[in-house]
Protein chains: 2
Amino acid sequence: MEQFLNENKPRIDAALSAYIAGLDAPDTLKDAMLYSLEAGGKRIRPLLLFATLHAFGKKSEIGLPVACAIEMIHTYSLIHDDLPCMDNDDLRRGKPTNHKVFGEATAILAGDGLLTYAFQLIAGMDNRVSAEVKLKLIAELAKAAGPEGMVAGQMADIEGEGQPLSLSQLEYIHRHKTGKMLQYSVLAGAWLAGADDAQVAQLDEFASHLGLAFQIRDDILDIEGTEEKMGKKVGSDIENEKVTYPSLLTMDGAKEKLYFHIEAAKHCLKAARVQEEILRYICDLVATRDY
Amino acid sequence: MEQFLNENKPRIDAALSAYIAGLDAPDTLKDAMLYSLEAGGKRIRPLLLFATLHAFGKKSEIGLPVACAIEMIHTYSLIHDDLPCMDNDDLRRGKPTNHKVFGEATAILAGDGLLTYAFQLIAGMDNRVSAEVKLKLIAELAKAAGPEGMVAGQMADIEGEGQPLSLSQLEYIHRHKTGKMLQYSVLAGAWLAGADDAQVAQLDEFASHLGLAFQIRDDILDIEGTEEKMGKKVGSDIENEKVTYPSLLTMDGAKEKLYFHIEAAKHCLKAARVQEEILRYICDLVATRDY
């Protein structure tokens, strides 16, 4: 498992840098795009895609452009979320946020550029992937990232600020803001691997539970984590009076819910009848991570 | 000609509204996306696509999703350009800009949503268009709009502020900031219509000249136009000490260059051997428009 992560993470890092370096674009724009891509992300989404390919006995290589497209969209969303008019964050993964280094205008453009280039990457994949699968990958990526997915979640999150939220409203936010792209990462792997409908359905459920578990762990870490490990300020949810799983369910209740989703995820994974060991390992990582 | 525009513009307006209305997304987000889409654009890009289809004897309908995708991307670029950290414009087409009505955070998300949804629209086109053509439309749209296209132009424009620019630097900005998407609008029509390589090459040249003519006319109107017709403040280029065609070439020189590009565009159009009357008419509109 460790070996799988150790082999694949550098592959993603290198490909992301190479794609940006190859762009015919103004240097400042490329620098700003690269800065956030190289800021030390966990690469959880690309690794989920690779782990899903592995679950079907497929090599990572075929999924590299989609993995990079996903990471670019994730990175664009962080750049825009950190802006003064959004979360106004100065620090991300222990480094100054994009707009702190390049200014707001360039940060917005770097985000726009990463989002747009993601689609260029998938549309330009080589012919080992059929045109039909590429189109599905593009249509579903736009759904997961766009106004019916991540952007909807971010909008609901902003509108929910300072409001008392119910558990179902909180889940709407997380299912959209982080869930859809995590789900897409798994499904993209399944489509690329030629999974059958039943497997796709089980993996979809698997990823949905994993996504919620991921977010619950995030909320827990904002209370129990350390700034040193997280690379960002902790305790900001309480400071900002944000509704979280611990605030709605108590810390014990949140941890119970976390383990419920992890177990449910593993149950779906078993039902998908794939080589599940790496996806299981990522499940456990999500449940126990301290960063 | 008038009839062509009168028939097709309402078709675009209606389709744009219907696409947004059909989204499963938070109301505020949909409202913000719709607000700028319905703010009375000239629809020059979608009309160029339809006019190109017409030049090959094809009906507009087949191109409607691409036409709307193009207008959504154009609209997203205006929303982001108008932000306080960019051009800081309060007025666009005679109405308050998006962030003035919805706030900066929602305006950024509305832009992100429009950009992302554009790709969803094309990927979801029906099967009268082949998967290969859809992929080409997506790949080239991302190139035209992204870090090698419109975003590059916007970045160069920001970096050029307050700098003395040469004519070739000014052309780089315009070829990217507005040119690439105008070119794409024509080429998308040609690809959809099944144009041959020689025709595509001539139409590419045609659109390149038209794009520069469009921008030169814009610069002229910022001096000779009226706020009433333009729906925005005029004279802002001089106020912001912006390098423009008139500032580099004198007003007479700029007008000469405008007519050069219009004539060159018409020459390419003739060489493309298509039913050229509506594209010619749009050329003349671009050269003489007062809004």
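At-a-glance table
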{"quantity": "Wholly enclosed helices (runs of 4 or more DSSP H) of region A:220-290 bearing at least 1 residues modelled with pLDDT of 95 or more", "calculated": "A:245-271, A:277-288"}
{"quantity": "Region A:86-106 residues that are free of Cβ contacts under 8 Å to residues at least 12 places away in the same chain, paired with ones that are of a type in the set (Val, Ile, Thr) (beta carbon under 7 Å, 6 or more apart)", "calculated": "A:Asp90/A:Thr97; A:Ala105/B:Ile158"}
{"quantity": "In region B:124-153, residue nearest to the other protein chains (Cβ to nearest Cβ) [restricted to those that are charged (D, E, K, R) and under 19 Å from B:Tyr19 (Cβ atoms)]", "calculated": "B:Lys134"}
{"quantity": "Per-region count, region A:120-133, residues within 20 Å of the chain's Cα centre (by Cα) and open to solvent by less than 20 Å² (accessible area, probe 1.4 Å)", "calculated": "2"}
{"quantity": "Tally of residues being under 22 Å from the mean Cα position of the chain (by Cα) and touching a residue at least 40 places away in the same chain (Cβ under 8 Å) across region B:228-250", "calculated": "9"}
{"quantity": "Among (1) among the hydrophobic types (A, V, I, L, M, F, W, C); (2) more than 9 Å from every other protein chain (Cβ to nearest Cβ); (3) crowded, with 24+ Cβ neighbours inside 10 Å, the one test that A:Ala107 misses", "calculated": "(2)"}
{"quantity": "Some residue of region B:51-59 being hydroxyl-bearing (Ser, Thr, Tyr) and within 11 Å of another protein chain (Cβ to nearest Cβ)", "calculated": "no"}
{"quantity": "Residue list for region A:251-282, restricted to those being open to solvent by 70 Å² or more (accessible area, probe 1.4 Å) and without any contact (Cβ under 8 Å) to a residue 40 or more places away in the chain", "calculated": "A:Asp252, A:Glu256, A:Tyr259, A:Phe260, A:Glu263, A:His267, A:Lys270, A:Arg280"}
{"quantity": "Every pair of residues 6+ apart whose Cβ atoms lie under 7 Å, when the first sits in region B:161-189 and is charged (D, E, K, R) while the second is part of a loop (DSSP other than H, G, I, E, B)", "calculated": "B:Lys180/B:Gly149"}
{"quantity": "Residue in region B:91-101 that is of a type outside the set (Ser, Thr, Tyr), more than 10 Å from chain A (Cβ to nearest Cβ), more than 27 Å from A:Leu135 (Cβ to Cβ) and part of a loop (DSSP other than H, G, I, E, B) present", "calculated": "yes"}
{"quantity": "Selected residue [farther than 26 Å from B:Gly162 by Cβ and either touching a helix residue (DSSP H, G or I) at 6+ places or on another chain (Cβ under 7 Å) or among the small types (Gly, Ala, Ser) (or both)] from B:Ser247, B:Ser236, B:Ser208", "calculated": "B:Ser208"}
{"quantity": "Residue within region A:205-219 that is touching a residue at least 12 places away in the same chain (Cβ under 8 Å), over 17 Å from the mean Cα position of the chain (by Cα) and assigned to a helix (DSSP H, G or I) present", "calculated": "no"}
{"quantity": "Only listed residue being farther than 30 Å from A:Asn240 by Cβ, open to solvent by 40 Å² or more (accessible area, probe 1.4 Å), over 18 Å from the mean Cα position of the chain (by Cα) and of a type outside the set (Asp, Glu), chosen from A:Lys136, A:Lys95", "calculated": "A:Lys136"}
{"quantity": "Flag for B:Val151 being open to solvent by less than 10 Å² (accessible area, probe 1.4 Å), farther than 19 Å from B:Asp27 by Cα and not small (Gly, Ala, Ser)", "calculated": "yes"}
{"quantity": "Conditions (1) in contact with a strand residue (DSSP E or B) (Cβ under 8 Å, 6 or more places away or on another chain); (2) in a helix (DSSP H, G or I): number failed by B:Ala201", "calculated": "(1)"}
{"quantity": "Odd one out for A:Ile44 among (1) among the β-branched types (Val, Ile, Thr); (2) within 14 Å of chain B (Cβ to nearest Cβ); (3) over 30 Å from B:Gly160 (Cα atoms)", "calculated": "(2)"}
{"quantity": "Options A:Asp196, A:Asp157; residue that is touching a helix residue (DSSP H, G or I) at 6+ places or on another chain (Cβ under 8 Å), acidic (Asp, Glu), open to solvent by 10 Å² or more (accessible area, probe 1.4 Å) and more than 9 Å from chain B (Cβ to nearest Cβ)", "calculated": "A:Asp157"}
{"quantity": "Which numbered condition A:Leu121 misses (of (1) more than 9 Å from chain B (Cβ to nearest Cβ); (2) in contact with a Cys (Cβ under 7 Å, 6 or more places away or on another chain))", "calculated": "(1)"}
{"quantity": "Of the criteria (1) more than 11 Å from chain B (Cβ to nearest Cβ); (2) not in a helix (DSSP H, G or I), which one A:Pro84 fails", "calculated": "(1)"}
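The values are calculated or read from the model by the stated rules, or taken from the named source; none is laboratory data. Note that the coordinates shown come from a computational prediction; the quantities given were computed from them, not determined experimentally. Backbone-built Cβ (ideal geometry, glycine too); neighbour counts: all protein chains shown. Only protein heavy atoms, including side chains, enter the accessible area calculation; ligands, DNA and RNA are left aside. Shrake-Rupley method; radii C 1.70, N 1.55, O 1.52, S 1.80 Å.
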